[in-house]
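Heads up: the structure comes next, in structure tokens.
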Amino acid sequence: MKKLSRKNIGLEKKLPIKVVQFGEGNFLRAFVDYAFQKLNKEVDFNAGVAVVQPIDRGLVSMLNDQDGLFTLFMKGVKKGQEIEEVEVISNIVKAIDPYANFNDYLSLAKEESLAFIISNTTEAGIAYVKSDTPQMQPPSSFPAKLTVLLHERFKHFQGDTSKGLTIIPCELINHNSETLKEIILKYIDDWNLGKAFENWLLNSCSFHSTLVDRIVPGYPKDEIESYNTQLDYSDNLIVAAETFFLWVIEGGDDLKEKLPFHKTDLDVKIVKDMQPYRTRKVRILNGAHTSMVPFSILYGNKTVKQTVDNNFTGNFVNNVIFNEINDTLPMDRAELKLFAEEVLDRFRNPFIKHQLADIALNSISKFKVRVLPSILEYASIHKKLPKHLTFSFACLIRFYKGSWKGESLPINDSSDIVAKFAEIWKSNEYSEIAKNTLRIKDFWGEDLTKVENLTEAITLALKEIDTNGIEVGFTNFGKTY
């Protein structure tokens with residue numbers, strides 16, 4: 001079978017680079033690259049994407065080996081009808097590993113046609129790292145890398161105000177663009193990059209906060225033969241995604257002119273305030289995902305669909321969403337119920353095998369953003385802890401022990417977080433494990449031992465999990481909380 005390449009499928013014309021994208025993972029390729037391809041096809045947007053690998057290991061070499069091409073399979077159910085679409089995404093024209101080719105990375109700043117910066121480096125990615133310097137090739141953090149790139153562009157075009165960029169981060173933290181801008185400004189100050197550059201950033205560049213919503217399981221390893229039979233070429237970067245798509249971006253009419261998604265059939269909403277959309281989605285969809293992962297893996301499930309289809313784990317997730325998360329949201333109850341039901345339908349999508357292990361990436365930072373606010377808000381409203389979410393929190397802490405019933409667990413987090421839990425789990429006292437985890441402000445943004453009854457609840461849940469397993473352990477835990 002022929003290899004997937006531009007020559008082999010007749011796509012040798014390359015587009016000018018209008019977008020620099022930090023991140024080459026499944027989500028960005030199935031979401032942002034798909035969206036810009038829609039613009040290219042339907043409004044002749046003529047935008048090529050240059051992908052930057054944000055960490056020192058990734059898929060850039062595989063992308064380059066396929067000339068930036070990959071196949072996107074989109075499957076779903078809409079109004080009872082099964083939908084399947086297959087598309088070769090062809091707008092990635094360059095993929096760069098700045099750790100291996102730093103000068104290639106810097107050269108992106110000099111692209112005349114460059115207009116947009118897009119990123120999704122996970123919730124942990126938009127972070128200030130004090131040790132980063134402009135002499136590093138590259139600095140470690142995404143914001144520091146971006147600062148270096150923007151400064152290079154400022155210098156190359158001699159502060160030309162028309163060469164400012166539209167910066168659209170897609171990380172699932174609240175006020176993602178404002179946070180990113182604040183960190184860049186801190187680096188400008190730390191590195192003495194000058195007032196002129198700071199003014200150019202503030203006046204010539206624009207930052208837009210976002211909400212992204214599409215379930216992207218990624219590479220369908222369990223069904224790859226079935227997918228391969230539908231292609232007449234070999235593709236090592238197949239991505240599977242649901243058909244549902246929603247992108248909410250804060251901005252005004254000027255952004256709508258720059259990004260004319262209203263001329264396509266894609267659900268991209270450019271709005272003045274995206275907070276209602278964000279809160280609903282992050283708490284319900286992402287919160288349900290993140291809260292189910294350790295709980296369901298420890299129970300024995302492998303996928304999201306298995307989790308919601310199983311009587312015990314499905315009932316648990318339903319209670320998490322309808323009786324605990326929804327109860328904390330100051331929105332119309334009927335709308336919340338409708339959205340939650342749609343989310344569960346998406347979880348049950350028979351075409352999508354979303355591996356729980358794949359969602360486990362950076363679970364601590366995800367839990368802080370997606371789940372912890374619901375626990376704290378519920379406790380504030382009801383003067384008691386939410387039973388299911390609290391048990392889920394204990395499952396998360398137990399998950400980070402690293403093994404369960406003699407088998408390794410799919411922990412995928414920073415080395416310092418993994419090391420911290422290894423130290424915590426040296427204790428044989430569940431109360432110490434609970435207290436030493438909950439007090440870490442770097443994990444949770446506050447000392448959670450101060451939350452009434454939380455340390456005691458986590459202590460009991462951890463003991464029940466280890467003594468009786470997930471189902472019996474939860475039943476016993478529920479007798480107390």
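Inspection of segment 4-17 finds no residue satisfying the criterion of being without any contact (Cβ under 8 Å) to a residue 40 or more places away in the chain, closer than 21 Å to residue 102 by Cβ and not small (Gly, Ala, Ser).
Scanning segment 123-155 for residues that are buried (at least 21 other Cβ atoms within 10 Å of the Cβ) and of a type in the set (A, V, I, L, M, F, W, C), we see that the one that is farthest from residue 103 (Cα to Cα) is 126. For segment 437-468, the candidate set comprises residues that are β-branched (Val, Ile, Thr) and in a loop (DSSP other than H, G, I, E, B); within that set, the residue that is farthest from the chain's Cα centre (by Cα) is 451. Considering segment 408-444, the residues that are at pLDDT 95 or above and closer than 16 Å to residue 356 by Cβ include one that is surrounded by the fewest Cβ atoms within 10 Å (Cβ to Cβ), namely 408.
Does residue 70 fit the bill of being in the same structural domain as residue 159 (by TED's automatic domain parsing) and surrounded by 21 or more Cβ atoms within 10 Å (Cβ to Cβ)? Judged against the criteria, residue 70 is a match. Screening segment 236-291 for residues that are in a helix (DSSP H, G or I) and either in contact with a His (Cβ under 7 Å, 6 or more places away or on another chain) or among the basic types (Lys, Arg) (or both) and picking the one that is modelled with the lowest pLDDT gives 278. For segment 154-180, the tally of residues that are more than 26 Å from residue 365 (Cβ to Cβ) and charged (D, E, K, R) stands at 3.
Taking first residues from segment 347-370 that are at positive phi and partners that are modelled with pLDDT of 95 or more, the Cβ contacts under 9 Å between residues at least 6 apart in sequence or on separate chains come to 362/417. Residue 158 falls short of the stated requirement of being over 22 Å from residue 259 (Cβ atoms), surrounded by fewer than 21 Cβ atoms within 10 Å (Cβ to Cβ), among the polar types (S, T, N, Q) and in contact with a helix residue (DSSP H, G or I) (Cβ under 6 Å, 6 or more places away or on another chain). Against the numbered list (1) surrounded by fewer than 17 Cβ atoms within 10 Å (Cβ to Cβ); (2) in a helix (DSSP H, G or I); (3) touching a residue at least 40 places away in the same chain (Cβ under 8 Å), residue 231 comes up short only at (2).
For residue 189, the conditions (1) under 25 Å from residue 75 (Cβ atoms); (2) surrounded by fewer than 15 Cβ atoms within 10 Å (Cβ to Cβ); (3) of a type outside the set (Gly, Ala, Ser) all hold with the exception of (1).
The values are calculated or read from the model by the stated rules, or taken from the named source; none is laboratory data. From a predicted model like this one, the values you see are computed outputs, not experimental measurements. We place every Cβ from the backbone using ideal geometry, glycine too, and count neighbours over all the protein chains shown.
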